[in-house]
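Visitor: Below is one structure. I have some questions about it.
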Amino acid sequence: MSAVAKLAATPDYYSALKSRTPDVEARYRKLTPRSQEAFARAARVFPGGYTRDAIIRGPHPTFVERASGATMYDLDGRALTDFWFNATSLALGHAHPAVIEAIAAQLPRGTAYFAPTQNEIELAETVLPRLPGAARIRFANSGSEAVMMAVRFARAYRATKQHAASTIVKFEGSYHGSYDDVAWSVSPKVADAGANDAPRPVAETAGLAGTEGRVAVLPFNDVAALRRYVEARHAEIAAILVEPMANRLGLVMPETKFLAEARALCDRFDVVLVFDEVISFRVGYSGVQGVVGLRPDLTTLGKIIGGGFAVGAVAGRADILDLSAPERGGRVTHAGTFNANPITSIAGRVTMETLTPAAFAQMNALGDYARARLAEVTRGLPLQVTGAGSLFKVTATDRAIRDYRDAATTDKAWEATCSLALLNEGFVLTPTMSGCISYITTREHVDALVSAFQALAGA
């Protein structure tokens, strides 16, 4: 038996790396004294030292001073190769010259007005043609806000059809931002989550009021469960909200038949199908919907369409989004001081114009290469390599991931230690070992990451 096979067959494979966690953390502290000082300062003004949950990392986060291309520089002067690019939002990398030039030209003209600008029209005209089923778009300031507005539009649309439908169907393990009605069963303990085919909604955060008449949770990728629920309760359902690539499950693409069934059921019962493409829009020129050839009624967007600035959007059918038109009575209202501000709009437009089909082909080819290399070095180990397009993830489980219950078998402690150890070597991934490729990422960057990971994983 080879050394790799022996290691994979060992019941406590993950323990080998986890046993080194104190040493990995001690080295991290030694490498990042100024970040440690900054975190102590942050703890005096932020609860627990954080004002953004996504960057929580033990024993403390790395504070960044500047960034360019694929490289970030921390307070201690370390150069870090970025493989997460602010949660996938920087598709062109840090401080791309074309984006910087456009922003620099706008800054002397002002950063925000109590008035519209042509910049927002140009961004809309750049994004909408990429979504074949979308005729209208409305901008917001985050993906969470985009989802909130999509839910509001869906409920308002169903009301126009004389349906008092308020329930939003979401899927176990899917994250759709911080809006109350979707902050359920994102990462529940399996013991609290009920049966596999009929999950019990579990609050993701304190402070939620309840789910009755507002949200239902179904198993991801389960066609039969989806059909059964919708056929029985369709009069109560306003929308089916689905990630066409499930981020928290491990950047997993759902089975085509699952998405097709969601589309068919929504067509049959006039329920609104919402694709959350806040992250997955970077999978291809037209997002995942372009890859799978299915059109949702509404699409929520964010991240890459803002060119590095806070952004969100809901795009879709004219008859649904026009429910917010000012001349309508009982309209869907949506204010926002910084919606479609000129800086975000121009940075987003330049970014989207740069992301041509050829640019996506380049990023996706490198994403394929990264996943193939990682799969090669993890062969025989209890690790899964998942993702699509420019996204990849290494998950610490020997179980193929199809739904949340599969993903819940992950050894999160192993992933966190592996991620921190890679950060010690100068590579930035999430604490759960997710990563992405941007336009400026090179094969050399990927090879260096894989080499460092191979040494850690024992492959």
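Values in this text are rule-based calculations from the coordinates and carry no lab data. In this text the structure is predicted, and so the values were computed from the model without any measurement. Glycine gets a Cβ as well: all are built from the backbone with ideal geometry, and neighbour counts include every protein chain shown.
Visitor: If I take every Cα pair under 8 Å that is 6 or more residues apart in the chain, average their sequence separation and divide by the length, what percent do I get for the relative contact order? Please report the intermediate quantities before stating the final value.
Guide: Details: 884 pairs, mean separation 99.5, N = 459.
With pairs under 8 Å counted, the relative contact order is 22 percent.
Visitor: Which FRET efficiency, nearest 0.05, do I55 and Q162 yield, Cβ-Cβ r, R0 51 Å? Each step should come with its number before you reach the end.
Guide: Working: r = 46 Å, r/R0 = 0.90.
For I55 and Q162, the calculated efficiency is 0.65.
Visitor: Which trypsin sites (Lys or Arg not before Pro) in region 113-165 pass both tests, a DSSP loop state and at most 12 other beta-carbon atoms within 10 Å? Please list the in-between numbers first.
Guide: Details: sites: R130, R136, R138, R152, R155, R158, K161; in loops: K161.
Loop-located and lightly packed - K161.
Visitor: Suppose every K and R has +1 on its Cβ and every D and E has -1 on its Cβ; what is the size of the dipole of region 32-123 about the Cα centre, in Debye to the nearest 20? Let's see the in-between values first.
Guide: Details: 8 positive and 9 negative charges, 69 e Å.
The dipole of region 32-123 has a size of about 340 debye.
Visitor: State the Kirkwood hydrodynamic radius of region 207-289 in Å, one decimal place, computed from all pairs of distinct Cα atoms. Walk me through the numbers before you get to the answer.
Guide: Numbers: mean 1/r = 0.0731 Å⁻¹.
After inverting the pairwise mean of 1/r, the radius is 13.7 Å.
Visitor: Kindly work out what percent of the DSSP beta bridges joining two residues of region 228-331 are antiparallel, to the nearest 5.
Guide: Numbers: 6 of 13 bridges.
The antiparallel proportion sits near 45 percent.
Visitor: Under the Kirkwood approximation for Rh and a Cα-based Rg, what ratio Rg/Rh is obtained for region 98-354?
Guide: Working: Rg = 18.2 Å, Rh = 18.7 Å.
A ratio of 0.98.
Visitor: Farthest toward the dipole's positive end in region 303-378, which of L321, A372, V332, given Cβ charges of +1 (Lys, Arg) and -1 (Asp, Glu) about the Cα centre?
Guide: V332
Visitor: Ok, one more. Ranked highest first by the average count of other Cβ atoms within 10 Å around their residues, in what order do 56-68, 381-393 fall?
Guide: Working: 56-68: 15.8, 381-393: 23.2.
Most protected by this proxy first, the peptides run 381-393, 56-68.
Visitor: Can I ask one more? For region 98-354, what's the relative contact order in percent, using C-alpha pairs closer than 8 Å and at least 6 residues apart?
Guide: 31 percent
Visitor: Just subtract the alpha-carbon distance of N86 and R41 from 0.36 nm times their residue separation and send over the number in nm, one decimal. Walk me through the numbers on the way to the answer.
Guide: On the way: separation 45, 0.36 × 45 = 16.20 nm, distance 2.24 nm.
Difference between extended and current length: 14.0 nm.
Visitor: Can you work out the base-10 log of I(q)/I(0) for the chain at q = 0.13 1/Å, using the Debye formula on its C-alpha atoms alone?
Guide: The Cα Debye sum returns log10 ratios of -1.28.
Visitor: Starting from region 156-197, pick out the chymotrypsin sites (Phe, Trp or Tyr not before Pro) whose DSSP state is loop and whose Cβ has at most 14 other Cβ atoms within 10 Å.
Guide: Details: sites: Y157, F171, Y175, Y179, W184; in loops: Y175, Y179.
Listed in order of number, the matching sites amount to none.
Visitor: Based on Cβ point charges of +1 for Lys and Arg and -1 for Asp and Glu, what charge dipole magnitude is obtained for region 319-459 about its Cα centre, in debye rounded to the nearest 20? Please report the intermediate quantities before stating the final value.
Guide: Working: 12 positive and 14 negative charges, 27 e Å.
With Lys and Arg at +1 and Asp and Glu at -1, about 120 debye.
Visitor: Say R0 is 60 Å: what FRET efficiency, to the nearest 0.05, do T442 and E327 get from their beta-carbon distance?
Guide: Working: r = 52 Å, r/R0 = 0.86.
Efficiency at R0 = 60 Å is approximately 0.70.
Visitor: Now for a separate question. Dipole of region 104-212, Cα-centred, from +1 at each Lys and Arg C-beta and -1 at each Asp and Glu C-beta, to the nearest 20 debye? All intermediate terms of the calculation are to be shown ahead of the outcome.
Guide: Values: 11 positive and 11 negative charges, 70 e Å.
Once rounded to the nearest 20, the dipole reads 340 debye.
Visitor: Out of all DSSP beta bridges with both ends in the chain, state the antiparallel percent to the nearest 5.
Guide: Values: 28 of 44 bridges.
Roughly 65 percent of the DSSP beta bridges within the chain come out antiparallel.
Visitor: Right, another one. Using a Förster distance of 25 Å, how high is the FRET efficiency between R109 and E65, based on the Cβ-Cβ distance and rounded to 0.05?
Guide: 0.30
Visitor: Choose one of P33, G387, H94: the residue whose Cα lies farthest towards the positive end of the charge dipole of the chain (beta-carbon charges +1 Lys, Arg; -1 Asp, Glu; about the Cα centre).
Guide: The one lying farthest along the dipole's positive direction is P33.
Visitor: For the cross-link pairs K161/K303; K303/K393; K189/K257; K257/K303; K18/K393, which exceed 22 Å when the distance is taken from alpha carbon to alpha carbon? Write out the running numbers ahead of the final one.
Guide: Values: K161/K303 33 Å; K303/K393 19 Å; K189/K257 28 Å; K257/K303 28 Å; K18/K393 19 Å.
In this structure, K161/K303; K189/K257; K257/K303 exceed 22 Å between Cα atoms.
Visitor: Between A198 and R20, how many nm apart are label points set 7 Å from Cα along the C-beta direction?
Guide: 4.8 nm
Visitor: Next question. Describe numerically, in nm with one decimal, the distance between label points set 7 Å from Cα along Cα→Cβ at Q454 and at D270.
Guide: 6.0 nm
Visitor: Based on other C-beta atoms within 10 Å, arrange I279, I55 from fewest to most. Write out the running numbers ahead of the final one.
Guide: Working: I279 27, I55 14.
Fewest to most other Cβ atoms nearby, the residues stand as I55, I279.
Visitor: I'd like to know which of L265, M245, A198 lies farthest towards the positive end of the charge dipole of region 98-354, counting +1 on Cβ of Lys and Arg and -1 on Cβ of Asp and Glu.
Guide: Final value for the positive-end residue is L265.
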